[in-house]
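Contents: one structure, followed by commentary.
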Amino acid sequence: VMLLNADHDFSHAMVGTNASHAQITDSYQVIIPDLLHGHIQGWEVKETVAFANSVVGKGDKKLVRVTSQDFANNQVKVTFSTQENVNIVRAEVYAIEGEYAIDTQTTTGWQCGIEEDFKKVAEQTSIGNGEVTISIPESVSHFYINLISDEGYVSSANMIKVQK
């Protein structure tokens, strides 16, 4: 299973995607900053086609499986596993400083109550063998990490709420 979402989707909060990802043992998660909501937009994301091709045997797995993430003292450590031909070259931190809440259910679905857009606040290009550690700015309230391969494929860790 590959779960795809935006970090600001008005119709499906990222916490729902994260919860599903945590419950599905053999899943991948892709959070695309600024992705618009819609079927066509989802079909145009290259990770969708790459994942589908890998499932039916028409291509290699391009996505990375995040195996753990630990956050303490404003440092996050993400461990991951890849296929031999997938090289992670960059990790990006997207964050907000305000509240991230899920409003009540409406006739069109669950509405996301985000006071601000997620912004890239840190980047790390020194990637270890299956792990990366990044400093998180103290002002951040919620963040997630995207791991980017040398071919530009994105795989995402779950969003973390910073306890202050």
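The values are calculated or read from the model by the stated rules, or taken from the named source; none is laboratory data. Everything quoted here is computed from the prediction, not taken from an experiment. Counting neighbours? That spans all protein chains shown, and the Cβs are built from the backbone with ideal geometry, glycine included. For the accessible areas, the whole protein counts, side chains as well, though only heavy atoms, and no ligand, DNA or RNA atoms are used. Shrake-Rupley method; radii C 1.70, N 1.55, O 1.52, S 1.80 Å.
Structure summary
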{"item": "Strands (runs of 3 or more DSSP E) (entirely within the stretch 19-101) containing at least 3 residues that are open to solvent by 40 Å² or more (accessible area, probe 1.4 Å)", "result": "65-72, 75-81"}
{"item": "The one condition in (1) over 24 Å from residue 1 (Cα atoms); (2) open to solvent by less than 40 Å² (accessible area, probe 1.4 Å); (3) at pLDDT 95 or above that residue 144 fails to fulfil", "result": "(1)"}
{"item": "The stretch 21-37, residues that are farther than 22 Å from residue 93 by Cβ and at pLDDT 90 or above", "result": "23, 24"}
{"item": "Subset of the stretch 117-153 (residues that are in a strand (DSSP E or B) and touching an Asp or Glu at 6+ places or on another chain (Cβ under 6 Å))", "result": "120, 123, 146"}
{"item": "Test: residue in the stretch 29-45 that is in contact with a strand residue (DSSP E or B) (Cβ under 7 Å, 6 or more places away or on another chain), over 23 Å from residue 142 (Cα atoms) and not charged (D, E, K, R)", "result": "yes"}
{"item": "Residue 133 more than 18 Å from residue 14 (Cα to Cα), at pLDDT 90 or above and of a type in the set (Ser, Thr, Tyr)", "result": "yes"}
{"item": "Residues located in the stretch 1-18, provided they are open to solvent by less than 10 Å² (accessible area, probe 1.4 Å) and not small (Gly, Ala, Ser)", "result": "5, 7, 14, 17"}
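Conditions tested, residue by residue: (1) aliphatic (A, V, I, L, M); (2) within 24 Å of residue 24 (Cβ to Cβ); (3) touching a His at 6+ places or on another chain (Cβ under 7 Å); (4) at pLDDT 90 or above.
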site: 69; (1), (2), (3), (4): no, yes, no, yes
site: 77; (1), (2), (3), (4): no, yes, no, yes
site: 91; (1), (2), (3), (4): yes, yes, no, yes
site: 95; (1), (2), (3), (4): yes, no, yes, yes
site: 103; (1), (2), (3), (4): no, no, no, no
site: 119; (1), (2), (3), (4): no, no, no, yes
site: 149; (1), (2), (3), (4): no, yes, no, yes
site: 155; (1), (2), (3), (4): no, yes, no, yes
site: 159; (1), (2), (3), (4): yes, yes, yes, yes
